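What follows is a set of notes on a single structure, which appears directly below.
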């Protein structure tokens, strides 16, 4: 019998000062059995940092050919393809051909990731943003998230602050670009 996803009910107060986005979100996030807590945490943060009308989470690692996060317009056409982790060049290329904007959020070694993609065929590579999150920050935050958790997420001047209960964690959100290919 296959294991089923674990559902997380998250209440989020989001203040993205850098983009002028202020929302109260009630999210149900499905964490697949093969998905690490850290991957789910980065997926959650990417969703919040990309939050806009038409955004939706896919099934995460079980999504197959879909990105971790979609943004679609009112006609259903994808406008943003948001990946989490270390997607391969082919996947990023496909997303860049399908959507006008592509971004990757990772808590892995960003420089190594960028060097792995260097020279690979990626449509509009120079337009693709790669956001690096500190691995220790992600590990600590993942340990604080239970199946029912309230979070306050604030981004200002490139710094990310996340409060869970009486603990507040922070990290820089470093933006990198793929080299033109």
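Readers should treat all values here as calculations from the given coordinates under stated rules, not as data from a laboratory. Remember, it's a predicted structure, so these values are computed and weren't measured experimentally. Cβ coordinates were reconstructed from backbone atoms using ideal geometry, including for glycine residues, and neighbour counts include every protein chain displayed.
Observations on the model:
- Hydrodynamic radius by Kirkwood, which averages 1/r over all alpha carbon pairs of region 6-177, in angstrom: 16.3
- A crude spin-label estimate for the pair residue 6 and residue 90, with each label 7 Å from Cα along the Cβ direction, gives 3.2 nm.
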